[in-house]
Amino acid sequence: MIIHPAPVNHGIKFVRTDIPDHPSIPARFNMIVDTSLATVIGYDGVIVSTIEHLMASFTGLSIDNARVELDNYEMPIMDGSAGPFTRLIQSVGAVSQDGPRHVFRVTRPIELEQDGKFVGVYPTDRFKITCTVEYDHPLIQKQSYSIEINELSFAREICNARTFGFYHEVEYMKRCGLARGGSLANAVVLSQDTVLNVDGLRYPDEFVRHKLLDCIGDFSMMGLPILGHLVTCRSGHAFHHRFLEKFFEEKSSWETWVIPCSTDGCPSKADDRIQNRMNCIGGKTHFHYSHPIDTQKTLAGANCLMS
């Protein structure tokens, strides 16, 4: 896999170099063809699978434009986190481009709730995520995590959280042709009552941090960054995709906006509503305000990652 810089307004595109004419697939929500086990994009019979971790790295590091070349239909799973992708991008650095940064600015709340799953987005002047997971497993149970997404917080707190699952689920993914190299080296695997990985967990709440990582990757498929506070509870790839469809249907609840050169950095009144929601699900919010990046960015050079 090779990640190349790309020009202004190019967006993120995946190129299959193992197929004649090297077809390119934009990383946008309307290109998603499957969300059963991972986020899969496709066009004209060509697919790229399991893109959410790399997409989360692009979002977390504020990369707007890049061309990703790969010679397989599935992204390398690496260690099951976005850490290797994040460090790959950091190793070459990023450059600001001569183009303003357009975003989706949430102006009214949008919510979707069904069968115990919930996703909502609320007006605020930063990109924040609050994620709650709940599993009937003694090592997970109910966990919540809330964070403002910027380059520092993503690299320190989120990117290294690994994918997780139960032993029987890992075997099922292999039978489906996914996670072909799946092992204890690239996932947290749980038995009925313990973590099978010898080194244990990277964080006590690694499970919810990884779900938050997946959420960043899934919502990067909007095509533009978002200014809003995203709140999710017991959701996953498929439900995130349903919410994106609802988001684009409710055009009166958001606007496309060019980030000005500076903002006042003051907390939004919407934070009170979000805290009320957090109180209901038993979590806490921790706000750290930083100015949104106002110009588009791409990589300073190309880099290659071998799985």
**Message:** For the ranges 139-145, 30-36, 237-243, what's the packing order if you count other beta-carbon atoms within 10 Å of each residue, average per peptide, and put the highest first?
**Reply:** 237-243, 139-145, 30-36
**Asked** Which residues in region 59-91 place their backbone N less than 13 Å from a point set 7 Å from the Cα of H22 along the Cα-to-Cβ direction?
**Response** 67-71
**Fill in**
Straight-line reach check, K142, cutoff 14 Å on alpha carbons, 8 or more apart in-chain or any other chain, hits among aspartates and glutamates -> E134, D205, E206
**Item:** Dipole of region 2-299, positive direction: furthest Cα of A155, T50, Y135, with charges on the beta-carbon
**Value:** A155
**Message:** Please give me the summed charge of the neighbours of R28: other residues whose Cβ is under 14 Å from its Cβ, Lys and Arg +1, Asp and Glu -1.
**Reply:** -3
**Item:** Rough spin-label spacing in nm, given labels placed 7 Å along Cα→Cβ, for Q141 and L224
**Value:** 4.3 nm
**Prompt:** What FRET efficiency comes out for the pair E134/E111, r = Cβ-Cβ distance, R0 = 22 Å, nearest 0.05?
**Reply:** 0.75
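Only the coordinates and a few stated rules stand behind these numbers; no lab work does. Predicted model, so just to flag it, every value in this text is computed and none were measured. Please note: Cβ atoms are built from the backbone with ideal geometry, for glycine as well, and neighbour counts cover all protein chains shown.
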